[in-house]
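Participant: Quick one: the structure is below, and I'll ask about it shortly.
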Amino acid sequence: MHHPQTASREKLAQAAFDIIARVRGRGPRVHCITNTVAQNFTANGLLAAGCMPSMTLSPEEIGPFVAGAQALLVNLGTFDSERRAATGIAVETAAQHKLPWVLDPVFVDRAPPRAAFARELIGRRPAVIRLNHAEFSALAGVAPSRDAAMTFTRANRVVVALSGETDLVTDGERIVSVANGHPLMAKVTAMGCAGSALVAACLAVEPDILGATVAALVFIGVAGEVAAEKSGGPGSFAAAVVDALYNLDGPTITARARIS
Amino acid sequence: MHHPQTASREKLAQAAFDIIARVRGRGPRVHCITNTVAQNFTANGLLAAGCMPSMTLSPEEIGPFVAGAQALLVNLGTFDSERRAATGIAVETAAQHKLPWVLDPVFVDRAPPRAAFARELIGRRPAVIRLNHAEFSALAGVAPSRDAAMTFTRANRVVVALSGETDLVTDGERIVSVANGHPLMAKVTAMGCAGSALVAACLAVEPDILGATVAALVFIGVAGEVAAEKSGGPGSFAAAVVDALYNLDGPTITARARIS
Amino acid sequence: MHHPQTASREKLAQAAFDIIARVRGRGPRVHCITNTVAQNFTANGLLAAGCMPSMTLSPEEIGPFVAGAQALLVNLGTFDSERRAATGIAVETAAQHKLPWVLDPVFVDRAPPRAAFARELIGRRPAVIRLNHAEFSALAGVAPSRDAAMTFTRANRVVVALSGETDLVTDGERIVSVANGHPLMAKVTAMGCAGSALVAACLAVEPDILGATVAALVFIGVAGEVAAEKSGGPGSFAAAVVDALYNLDGPTITARARIS
């Protein structure tokens, strides 16, 4: 006998896995503007998920690279004038080619110029903005909550993925929580950035932005759970997450997905 | 009883291992101009192989660093004006000091300015150019084949190492195929770059350019095969490749080398 | 029955572990100016040790990032005009906020402009300078020895941590040797940089500069020993060192610490 809520969870989990399977089948190219600390792990996470990463940051080349990609990640982890110029070109190119893009406004709570730049980028219509509680507070001007996230989403016409012990994803009408993941994920640099890159990958194959975002968060979260069972600390865990992104099968993902 | 072809394979395999043993014994310094995604894995691959990597990209310093090295790798994975300036100085310094260098023209098929820069660099006489089929087509203007590779080699007086399921290496007179490797190698970023760095390392200890290139491709290919047997996905595989570069012994390399 | 020297070793080992435990408990933020090769491993080493790394190099932002940190690492592994500008701002900010900082003058023996810049930085009062024998010779103008290190320390009012098979740490009055570590540590890029970052982390929680430095060297050295027992080569070793930094307990550290 299925409890109605269980049935709903199973349906959501199956929908998430369908998107992940499509990522693996199609292998979208995801162009990543991200910091030098995160580039290697992000590229390996995308490769393990079946995608093709590209990472050039040169303002001279980023236009053609984004034009030929299927999705874009903009991570503000490094912030200098060259990177800002490259970001402007990349976002412009994404708009021209109707590519979905994800904004990861890292550390906007720590430096006001970043917050200003992030606000400008939000005005240029990312599909998704993924951020933690401190970053949300810095950008929204209010403490994070379900209501605050929905208000921010509606005001900015962007899907918000608010990271925390439980992640919240809202498109202003629906709100979904994803409770997958493991504490070791916070002990590996670039884990969040790799998650945001997977959001971009899912957007490349799924037009429902909220659904694509949920699928990516389930994917990286379940990978973290499975990896934690096989590793002896954050060093072996980082490699095990990449292994899990490569290996996770449908039954494992759908059984473990904690979506509601 | 030895089949003549087997005897030839064994001789080629032994010659390859002799070069690898010389790399380990002499520990050449290999200066690498490579992208930030690839730097860490490339450095660790070189260290595992017994070499000393150096990676500075600053135009102010790269001259002395290359002058004191035994070989140079130029990877076009990042392409900006500072990197181009550093590359010019590095290649000039290599010529002055008669150091062998390897050109890895990453993604020249994706951006015309890179292809133009790669053509200019080929005119400055790398010992080896290592590239995949798409990159070959972009530079040579024809589809890759044994004949096309030999023609390109003769026209440009450069040994060509054409990557594929089977790698081809030609100096315009001889053509050798290396069939080592594992599909997981394509799932780890910088694996190709690390292979090109090993080509540079072998050039540092072996004057026969074709022989040095074959040795490096056998080395990374066998490391990939052994690593795949010990790993559970691309994350643990990446670490296992580095372990294998450090551990592989002569009998394993010569038994597994698929050279013809 | 305790031999007096054993008792002294145990006391020193316990003092070292007390500092490590404080690092884990307080989780200081350590800002790192380091090269792109080393950033990822350094960040993961700090995270495993319970710290919060930050790595931005942008001259526009580094001031606020350092101001909010508890310690600073300056590694000269990359050397260009932007990095020099960022370093100047970072060191100035550290002085204003009375933050301890560590100088790791990588490769000053290979390029005279680096040595000149390192000398200028020593004049700006790092708490600790950590360097190997070749780097010491380049900066001090004499071969390294216990006496030379003490003389250099007194002349420059900086604690010197001289790396070698046995590390020496001196504040000009006391001199302590730390004999922990494993040869595989030299086969992983950024291992030294991660060690220097841990020195900065210990300085964040311990006012006795010599004691903090000794604690960090014991920490990374014992992690290397434990990791070597669990790994099959430098690739798996690198991950195992990170695991060990996360897992090492007091009895293991104090039993293995080789301080005298």
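Participant: Mind checking which of B:Gly25, B:Gly224, B:Gly211 has the largest fluctuation in a GNM of chain B, springs on alpha carbons under 10 Å?
Facilitator: So, out of B:Gly25, B:Gly224, B:Gly211, the one fluctuating most is B:Gly25.
Participant: On to the next question. Measure off, as a whole percent, the carbon and sulfur share of the 1.4 Å-probe accessible area of segment B:4-256, all protein chains present.
Facilitator: Working: 4640 of 8670 Å².
Its accessible area is 54 percent carbon and sulfur atoms.
Participant: Just give the residues from segment C:220-258 buried by at least 10 square angstrom of accessible area in the all-chains context relative to the isolated chain, probe 1.4 Å, and say none if nothing qualifies.
Facilitator: Residues losing area: C:Gly232, C:Gly233, C:Pro234, C:Gly235, C:Ser236, C:Ala239, C:Val242, C:Asp243, C:Tyr246, C:Asn247.
Participant: Then there's this: For segment A:4-256, calculate the relative contact order in percent as a whole number, restricting contacts to Cα pairs under 8 Å that are 6 or more residues apart. Don't jump to the answer; show the numbers that get you there.
Facilitator: Details: 473 pairs, mean separation 55.2, N = 253.
Relative contact order of segment A:4-256: 22 percent.
Participant: Hey, can you list the residues from segment B:20-37 whose accessible area shrinks by 40 Å² or more with all protein chains present, relative to the chain by itself (probe 1.4 Å, no ligands or nucleic acids)?
Facilitator: Hits at the 40 Å² cut-off: B:Thr36, B:Val37.
Participant: Shifting gears a bit: Could you quickly flag the chain C residue whose beta carbon comes closest to the rotation axis taking C to A, and that distance in whole angstrom?
Facilitator: Spelled out as residue then distance in Å, it is C:Thr36, 3.
Participant: Give the ranking of C:Thr213, A:Thr78 by solvent-accessible surface, highest area first, calculated with a 1.4 Å probe. Provide the component values of the computation, followed by the final result.
Facilitator: Numbers: C:Thr213 0, A:Thr78 25 Å².
If we order C:Thr213, A:Thr78 from most to least accessible, we get A:Thr78, C:Thr213.
Participant: Suppose each label sits 7 Å from its Cα in the direction of the beta carbon; what would the B:Ala255-B:Glu120 distance come out to in nanometres?
Facilitator: Rounded to a tenth, the inter-label distance reads 5.0 nm.
Participant: Find every distance from the label point of B:Gln96 to the corresponding label point in the other copies (7 Å from Cα along Cα→Cβ) and write them in nm, one decimal, shortest first.
Facilitator: Between copies, matching label points for B:Gln96 lie 4.1, 4.2 nm apart.
Participant: With +1 on each Lys and Arg Cβ and -1 on each Asp and Glu Cβ, and nothing else charged, work out how big the dipole of segment B:100-144 is about its Cα centre, in Debye to the nearest 20. Kindly include the intermediate steps, with their values, before the conclusion.
Facilitator: Numbers: 6 positive and 4 negative charges, 24 e Å.
With only Lys, Arg, Asp and Glu charged at Cβ, the dipole is about 120 debye.
Participant: Over segment C:68-217, what relative contact order in percent results from Cα pairs under 8 Å that are six or more residues apart?
Facilitator: On the way: 236 pairs, mean separation 31.7, N = 150.
Relative contact order of segment C:68-217: 21 percent.
Participant: Over the Cα atoms of segment C:1-124, each weighted equally, I'd like the Debye log10 I(q)/I(0) at q = 0.15, 0.16 Å⁻¹, rounded to two decimals.
Facilitator: -0.74, -0.81
Participant: Using a Gaussian network model of chain B with C-alpha springs under 10 Å, which one of B:Ala67, B:Ala21, B:Ala85 is most mobile by mean-square fluctuation?
Facilitator: With Cα springs under 10 Å in chain B, the top fluctuation among B:Ala67, B:Ala21, B:Ala85 is at B:Ala85.
Participant: Which of the listed residues, C:Gly192, C:Val241, C:Ser8, is farthest toward the dipole's positive end in chain C, when Lys, Arg count +1 and Asp, Glu count -1 at the beta-carbon?
Facilitator: Checked the options; the winner is C:Ser8.
Participant: Which whole-number value in Å² is the accessible area per residue of segment B:118-260, probe 1.4 Å?
Facilitator: Details: 5080 Å² over 143 residues.
Accessible area per residue, segment B:118-260: 36 Å².
Participant: So which of B:Lys230/C:Lys187; A:Lys187/B:Lys230; C:Lys187/C:Lys230; A:Lys230/B:Lys187 end up more than 24 Å apart by C-alpha?
Facilitator: Numbers: B:Lys230/C:Lys187 21 Å; A:Lys187/B:Lys230 26 Å; C:Lys187/C:Lys230 16 Å; A:Lys230/B:Lys187 21 Å.
Pairs exceeding 24 Å: A:Lys187/B:Lys230.
Participant: Quick one: Debye curve from the C-alpha atoms of segment B:4-256, no solvent, what's log10 I(q)/I(0) at q = 0.13 Å⁻¹?
Facilitator: -0.74
Participant: Per residue of segment A:95-105, what does 6.51 cos²θ - 1.76 cosθ + 1.60 with θ = phi - 60° give for ³J(HN,Hα)? Whole Hz please, x for Gly and Pro, Karplus curve as stated.
Facilitator: Calculated HN-Hα couplings, in order: 5, 4, 9, 6, 8, x, 9, 10, 9, 10, x Hz.
Participant: Placing unit charges on C-beta atoms (Lys and Arg positive, Asp and Glu negative, everything else neutral), compute the dipole magnitude of segment B:4-256 about its Cα centre in debye, rounded to 20.
Facilitator: Values: 22 positive and 22 negative charges, 52 e Å.
For this selection, approximately 240 debye.
Participant: Still on this structure, please answer the following. Count neighbours as other Cβ atoms within 10 Å of each site's Cβ, and list the GluC sites (Glu not before Pro) in segment A:114-222 that are DSSP loop with at most 12 such neighbours.
Facilitator: Values: sites: A:Glu120, A:Glu135, A:Glu165, A:Glu173; in loops: A:Glu165, A:Glu173.
Sites meeting the loop and neighbour criteria: A:Glu165, A:Glu173.
Participant: Got the A:Ala143 label distances to the other copies yet, label 7 Å along Cα→Cβ, in nm, shortest first?
Facilitator: Label-point distances to the other copies, shortest first: 6.6, 6.6 nm.
Participant: Residue by residue through segment C:247-253, which ³J(HN,Hα) values in whole Hz follow from phi under the Karplus form 6.51 cos²θ - 1.76 cosθ + 1.60 (θ = phi - 60°), with glycine and proline marked x?
Facilitator: 9, 3, 9, x, x, 5, 5
Participant: Return the calculated 222 nm mean residue ellipticity for chain A, to the nearest 500 deg cm²/dmol, obtained by summing -39500 (n - 2.57) across DSSP H runs with n ≥ 4 and dividing by the residue count. Before the final figure, lay out each step's value.
Facilitator: On the way: 11 runs with 140 residues, N = 260.
Calculated mean residue ellipticity at 222 nm is -17000 deg cm²/dmol.
Participant: Further, regarding this structure: In angstroms, what radius of gyration and Dmax does segment B:108-260 have, counting Cα atoms only?
Facilitator: When restricted to the Cα atoms of segment B:108-260, Rg and Dmax are 15.5, 45 Å.
Participant: In addition: Picking from A:Ala138, A:Ala15, A:Ala116, which is most flexible by a Gaussian network model of chain A using Cα springs under 10 Å?
Facilitator: Per the Cα network of chain A with a 10 Å cutoff, A:Ala116 tops the list.
Participant: What net charge do the residues around C:Arg26 carry, taking every other residue with its C-beta under 15 Å from that of C:Arg26, with Lys and Arg at +1 and Asp and Glu at -1?
Facilitator: Working: positive: C:Arg22, C:Arg24, C:Arg29; negative: C:Asp18, C:Glu206.
Once positives and negatives cancel, what remains is +1.
Participant: Using protein heavy atoms only (no ligands, DNA or RNA), what is the total accessible area buried between B and A, 1.4 Å probe, nearest 100 Å²?
Facilitator: Numbers: alone 11140 and 11160 Å², together 20490 Å².
Summing both sides, the interface buries roughly 1800 Å².
Participant: Once the other residues with Cβ under 13 Å from the Cβ of B:Leu162 are scored (Lys, Arg +1; Asp, Glu -1), what is the net sum?
Facilitator: On the way: positive: B:Arg130, B:Arg146; negative: B:Asp104, B:Glu135, B:Asp147, B:Glu165, B:Asp167, B:Asp171.
Around B:Leu162, the surrounding residues sum to -4.
Participant: Using R₀ = 30 Å, calculate the FRET efficiency as 1/(1 + (r/R₀)^6) where r is the Cβ-Cβ separation of B:Lys230 and A:Ala21; round to 0.05.
Facilitator: Details: r = 28 Å, r/R0 = 0.93.
Rounded to the nearest 0.05, the efficiency is 0.60.
Participant: I need the P(r) histogram for the protein assembly as shown: all alpha carbon pairs, bin width 20 Å from 0 out to the longest distance, whole percents.
Facilitator: Taking every Cα pair in the protein assembly as shown, the percentages come to 17, 49, 31, 3, 0.
Participant: Further question: Taking a label point 7 Å from the Cα of B:Arg174 along the Cα→Cβ vector, which residues of segment B:204-222 have an amide N closer than 16 Å to it?
Facilitator: Residues passing the 16 Å test: B:204-219.
Participant: Okay, next question. Mind listing the label-point distances from C:Pro112 to the same position on all other copies, shortest first, one decimal in nm, points 7 Å along Cα→Cβ?
Facilitator: 4.5, 4.5
The values are calculated or read from the model by the stated rules, or taken from the named source; none is laboratory data. Bear in mind the structure is a predicted one, so any value in this text is a computation, not a measurement. We place every Cβ from the backbone using ideal geometry, glycine too, and count neighbours over all the protein chains shown. Accessible surface is based on the protein model in full, side chains and every heavy atom, while ligands, DNA and RNA are left aside. Shrake-Rupley method; radii C 1.70, N 1.55, O 1.52, S 1.80 Å.
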